[in-house]
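Please read the structure below before turning to the comments.
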Amino acid sequence: MEHFVEPAVSVSDLHARRGSRKVLDALSLTIPAGLVVGLIGPSGSGKTTLMRAIVGVQVVQSGSVSVFGQPAGSASLRRRVGYVTQEASVYDDLTVRQNLDYFRAVLGAGRADVGRVLEATDLGPNAGQLTGSLSGGQRSRVSLAVALLGSPELLVLDEPTVGLDPVLRRDLWALFHRLAAGGTSLLVSSHVMDEAARCDRLLLMRGGEVLADDTPDGLLAATGTTDIEAAFLTLIEERE
């Protein structure tokens, strides 16, 4: 008898607007647990709005979003979901370690967590620096380190590799897969097509719609292409 594993996220008939513009239009999808799922699409495709809805901070017109079977934004999910926005959400006038100590106390995470996330994000050498003095890529890593505190079951990461050098990008993707291997579910957005191949599963978005929900290999096979960008263009041409 096959064992049913509840998805990390279920979205049903979701509608969202920004002013008078439709951003998400009758969007329905599921995000499997324990995988690195890539949310891939150009800027303005609705990726950030969808992620905000999953975290529970987005006003929506209709539809539903559940995370681990609970309505998105429920108090019971606050320690189970980590969220990294495109803009670093940390205090510039605190050192990296002070930021982590503060957020650790807020989350009720153990003291050893600070050392763990510093190592995971390669921020150990910067622990004593004021966060405001770091580069944009380093500040983004501090936000990621904060999101890792308490070992959340779902990580929602909005373009976490923007501005990072290739070596650090590679190391972060390796970290994402280690987390998934340990049971964490990850939703990682990007507008860079070459990052799609690093994901276990892909959601390709354009114009507030999901054009494809498949594995990278499945997507290439279905479109008869050899790279994700070509597959994306094929799907757009078919839709038009």
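Derivation of every value follows stated rules applied to the coordinates shown; laboratory data play no part. Everything quoted here is computed from the prediction, not taken from an experiment. FYI the Cβ positions are ideal-geometry reconstructions off the backbone, even for glycines, and counts take in every protein chain you see.
Remind me, relative contact order of the range 90-151 in percent, using alpha carbon pairs under 8 angstrom and six or more residues apart?
In percent, rounded to a whole number, it is 49.
Please report Rg over Rh for the range 90-151, where both radii come from the alpha carbon positions and Rh follows the Kirkwood definition.
Checking Rg against Rh, the ratio lands at 0.92.
Arrange M193, M205 by Cβ neighbour counts within 10 Å, fewest through most, would you?
Arranged by neighbour count, lowest to highest, M193, M205 become M193, M205.
Please arrange E153, E6, E240 by how many other C-beta atoms lie within 10 Å of their C-beta, fewest to most.
The fewest-first ordering by Cβ neighbours comes to E240, E6, E153.
Give me the one-decimal nm value for the distance between modelled label points at L107 and E240, 7 Å along each residue's Cα-to-Cβ direction.
4.3
How many percent of Cα pairs in the range 1-152 exceed 21 Å?
Cα-Cα pairs of the range 1-152 separated by over 21 Å account for 53 percent.
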